[in-house]
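Everything below concerns the one structure shown next.
The values are calculated or read from the model by the stated rules, or taken from the named source; none is laboratory data. Since the model is a prediction, treat every value here as computed from it, not as a measurement. Counting neighbours? That spans all protein chains shown, and the Cβs are built from the backbone with ideal geometry, glycine included.
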Amino acid sequence: MPSARMTNFVNSSKTLKRKITSFLFFLNKKNYPFFFFLIAVFFLVYSLILSQINSRAKLKENNFNSFLKSDEFSNIKQFVFENIESPYKEYNYTVENNDTLQRVLKKYNIDNTEINNLTSEISKKKLSNISAGAQIQVVTKEEKGIKKIIFLFYQIDAITSVEVKRNKDTFDIAKIVLELNKKEVVLSNTIKNNLYSSAVEVGIEPNIIVEFANIFGFEVDFQRDIRKGDAFEIYYEQFVDDNNVVKRTGKIIYASMFVNNKELSLYNFEYNNKKGYYDVGGRSVVKTLMKTPINGARLSSSFGLRKHPILGYNKLHQGTDFAAPTGTPIMASGSGVILRAQKYKGYGNYVSIKHNSTYITAYGHMSKYGKNIKKGVRVNQGQIIGYVGSTGMSTGPHLHYEVIKSGKRINSQRLKLPTGKTLNNEARNRFEVDRIKIDVKLAALRKN
């Protein structure tokens, strides 16, 4: 049996060999090897040509892409776009001090009738207020040499904006108000250098810092009482958008300071439509006069006998000088009626305020007066009455501040004023309830 299998295998091999030999003889006889050679050469040449074509195409593509990215193409593109005669123009403008909407639109040579009609409609809706720093977007279209407003957008404040769209010969004016969510936060810090920088460090907004300083302005002299290591805490309202970005702030609900080795806590309380800040005992923080009528200044010259910096001889300095940069706001130390708002002797631009039958305060060397500050006008405590300058007999920008008691100038830094009024009866009971509620919320927020 194995012998038979071997014989079959040998016979099969011989048969296969004969067939291959016969096939090669056939190809040779018909010249097929030559044809195969030609086909191989053709495919080789085709492959080389195709490779060359692909390489050149790739090189052209790379060169074109480089051209698109080059300065030459940018210049050509800009030239073409600038010379396309489009009737539409878009302008973006940042509002500057003393700008009005009408004044801004006139900058772009828009038709006066168009401007007057639009601003009149906007004024009727009480939406014409714009503030420095706000962005205004204007799109115009020129028809028969007349520029018309197609679109206008601007912000009034952090949450309110105005959108104007042309509708044939009229305007559709829409007031857009961003919906905000109110949240309450408690932020605190230890003072390392000054109150402002320490408050900014923990994310407290500048306007809240200013309000905080005004609240404590009756008890604390921020230029002289503050020491490294003193501490503060503020509990106040924030209004945020859907992305939790603060768009504006609300009231300060509670504020405390540890200064001069004692802690002073103040609570926001409203009764019979009167708002104020009261200590734990229900006593108002408000006094007749503030300790200092200016923030961020240093005491450069005290009350008393000194050598006059200009006249050169010893003379009684009947006020207190606060050195500060030109333009720093000056506040009314207390509520009262303006007796004088004009240039006066060596004081330069000068304001005096009568607070009651006992006290008058005076402010000298101002660079300019506050809004509507003139003789006979009533001002509120903390209201801006002017700005630091160096008018009159002055060697540099500063505020000369005087307190006149019963007709006699006195040292404002040693002035002892009576404490604020204390709540009583029903008001005191209401205050105690509100104070406890604030303390409970405060404790919960501190944990978070």
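Could you tell me which residue of segment 271-285 is nearest to the chain's Cα centre (by Cα), considering only residues that are surrounded by fewer than 10 Cβ atoms within 10 Å (Cβ to Cβ) and at positive phi?
Top of the filtered list is ASN273.
Within segment 195-230, which residues are over 22 Å from the mean Cα position of the chain (by Cα) and at pLDDT 80 or above?
ILE215, PHE216, ARG227, LYS228, GLY229, ASP230
Can you find, within segment 156-202, the residue that is farthest from ALA213 (Cα to Cα) among those that are polar (S, T, N, Q) and crowded, with 18+ Cβ neighbours inside 10 Å?
Ranking the candidates gives SER161 first.
Based on what the data block shows, is ASP157 in a loop (DSSP other than H, G, I, E, B), in contact (Cβ under 8 Å) with a residue 12 or more places away in the chain, closer than 29 Å to ASN129 by Cα and among the charged types (D, E, K, R)?
So ASP157 fits the description; yes.
Looking at ASP230, ASP242, which is the one that is acidic (Asp, Glu) and surrounded by fewer than 15 Cβ atoms within 10 Å (Cβ to Cβ)? Full working, then the answer.
On the way: ASP230 fails: surrounded by fewer than 15 Cβ atoms within 10 Å (Cβ to Cβ).
Result: ASP242 is the single residue among ASP230, ASP242 that is acidic (Asp, Glu) and surrounded by fewer than 15 Cβ atoms within 10 Å (Cβ to Cβ).
Yes or no, residue by residue, for (1) among the hydroxyl-bearing types (Ser, Thr, Tyr); (2) at pLDDT 90 or above; (3) assigned by TED's automatic domain parsing to the domain that holds ASN98; (4) surrounded by fewer than 21 Cβ atoms within 10 Å (Cβ to Cβ):
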residue	(1), (2), (3), (4)
LYS315	no, no, no, yes
GLY334	no, no, no, no
TYR359	yes, yes, no, yes
GLY376	no, yes, no, yes
ILE385	no, yes, no, no
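Hey, can you tell me all the residues within segment 427-447 that are touching a residue at least 60 places away in the same chain (Cβ under 8 Å) and of a type outside the set (A, V, I, L, M, F, W, C)?
Of everything in segment 427-447, those that are touching a residue at least 60 places away in the same chain (Cβ under 8 Å) and of a type outside the set (A, V, I, L, M, F, W, C) turn out to be ARG428, ARG430, GLU432, ASP434, ARG435, LYS441, ARG446.
If a residue must be under 21 Å from SER412 (Cα atoms) and charged (D, E, K, R), how many such residues does segment 213-260 contain?
Looking only at that region, the number is 4.
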